[in-house]
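Here is the structure we will look at.
The values are calculated or read from the model by the stated rules, or taken from the named source; none is laboratory data. Just so it is clear, the structure is predicted and the values come from calculations on it, not from any experiment. Cβ placement follows ideal geometry from the backbone for every residue including glycine, while neighbour counts extend to all protein chains displayed. These area figures cover heavy atoms from the full protein model, side chains too; ligands, DNA and RNA do not enter into them. Shrake-Rupley method; radii C 1.70, N 1.55, O 1.52, S 1.80 Å.
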Amino acid sequence: MRYQHQWLEGGAIDLPVGQVVCVGRNYAAHAQELNNPIPDEPVLFMKPPSAIQPLDDKLAIVASFAPVHYETELAVLITKPLFHATKQAVEDALGGMTLALDLTRRETQSRLKQKGLPWERAKAFAGSAAIGRFVAVPDDWREVVFALSINGERRQQGNSASMLMPVITLIQHMSQTFWLNPGDIVLTGTPEGVGVLENGDLLSLSLEGQHLAQPQVVVQSDEAFIQGKSA
């Protein structure tokens, strides 16, 4: 279960495993399905490297964290340092794209939001960033399509054309506050259709019509999760 950036076609990517910088409510329909207002500026948050697990044949969830919701997102790998970056600098720093699952403890998130508290317990817990294997970035980011099916039923269909803030502009915006370093991953938001994952669910993720991953959900004890993480 140990994570390292990988190419879909095989082979490790020689970059460190960094932070995951995320955006919330970057699709209007997703904000609406959760009864959230559409933000005036991007809602940014982070997941640490310790939150990452590979999105391969198994999607591990610690039983004490359940119920956990899935949020399928287009993810981008950063390969050069970015701070107050220009559009060209961002384009030059994007080394690969994939899909990720931003796993969320929705009930915990709602409770924290009501109290005006940070979201880390709901968004940055162990295993909460499931990252797929990377493919080459497109020449044009305007209409990158992706999908998630669960047990053969389509649950989410995303298109970067529907983002409130497009990929390049979003990463520029992030770089106004955060240093982005080689090995960091940017998650660009989820479309509508989020929901709860159940033990044994079989997921199928596709990016630009290409099969990316087919993990099965495994809800497990703390001990089993620890053993898998250290394997």
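Figures for the structure shown
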{"quantity": "Residue in region 126-146 that is farthest from Val23 (Cα to Cα), counting only those that are open to solvent by less than 20 Å² (accessible area, probe 1.4 Å), among the hydrophobic types (A, V, I, L, M, F, W, C) and touching a helix residue (DSSP H, G or I) at 6+ places or on another chain (Cβ under 7 Å)", "calculated": "Val144"}
{"quantity": "Selection status of Asp102, acidic (Asp, Glu) and either free of Cβ contacts under 8 Å to residues at least 12 places away in the same chain or open to solvent by 10 Å² or more (accessible area, probe 1.4 Å) (or both)", "calculated": "no"}
{"quantity": "Residue count, region 132-160 (criterion: within 22 Å of Gly200 (Cβ to Cβ) and in a strand (DSSP E or B))", "calculated": "8"}
{"quantity": "Matching residues in region 35-79 - criterion: being closer than 20 Å to Met97 by Cα, in a strand (DSSP E or B) and among the charged types (D, E, K, R)", "calculated": "Lys47, Glu73"}
{"quantity": "Residue satisfying condition, being without any contact (Cβ under 8 Å) to a residue 40 or more places away in the chain, in a helix (DSSP H, G or I) and more than 16 Å from Asp184 (Cβ to Cβ), within set Gln88, Gln32", "calculated": "Gln88"}
{"quantity": "Residues of region 195-211 that turn out to be closer than 18 Å to Ile131 by Cβ and in contact (Cβ under 8 Å) with a residue 40 or more places away in the chain, as a count", "calculated": "8"}
{"quantity": "From Ser149, Ser162, residue being in contact with a Lys or Arg (Cβ under 7 Å, 6 or more places away or on another chain) and either surrounded by 15 or more Cβ atoms within 10 Å (Cβ to Cβ) or of a type in the set (Asp, Glu) (or both)", "calculated": "Ser149"}
{"quantity": "Conditions (1) crowded, with 23+ Cβ neighbours inside 10 Å; (2) farther than 16 Å from Gln176 by Cα: number failed by Leu82", "calculated": "(2)"}
{"quantity": "Index of the failed condition, Ala31 passing every other in (1) over 30 Å from Asp222 (Cα atoms); (2) at pLDDT 95 or above", "calculated": "(2)"}
{"quantity": "Subset tally (residues that are polar (S, T, N, Q) and open to solvent by 10 Å² or more (accessible area, probe 1.4 Å)) for region 37-79", "calculated": "3"}
{"quantity": "First in region 132-148 and over 15 Å from Leu8 (Cα atoms), second anywhere and open to solvent by 50 Å² or more (accessible area, probe 1.4 Å) and small (Gly, Ala, Ser), Cβ under 7 Å, 6 or more apart", "calculated": "Arg142/Ala161; Glu143/Ala161"}
{"quantity": "Odd one out for Pro182, checked against (1) in contact with a Ser or Thr (Cβ under 7 Å, 6 or more places away or on another chain); (2) open to solvent by 10 Å² or more (accessible area, probe 1.4 Å); (3) more than 21 Å from Met46 (Cα to Cα)", "calculated": "(3)"}
{"quantity": "Matching entry among Gly189, Gly195, Gly183, Gly209 (being in contact with a Phe, Trp or Tyr (Cβ under 6 Å, 6 or more places away or on another chain) and not aliphatic (A, V, I, L, M))", "calculated": "Gly189"}
{"quantity": "Filtered residue count, region 11-29, keeping only those that are open to solvent by 10 Å² or more (accessible area, probe 1.4 Å), aliphatic (A, V, I, L, M), in contact with a strand residue (DSSP E or B) (Cβ under 9 Å, 6 or more places away or on another chain) and touching a residue at least 60 places away in the same chain (Cβ under 8 Å)", "calculated": "3"}
{"quantity": "Considering residues of region 196-218 that are open to solvent by 10 Å² or more (accessible area, probe 1.4 Å) and of a type in the set (Gly, Ala, Ser) only, the residue farthest from Arg142 (Cα to Cα)", "calculated": "Gly200"}
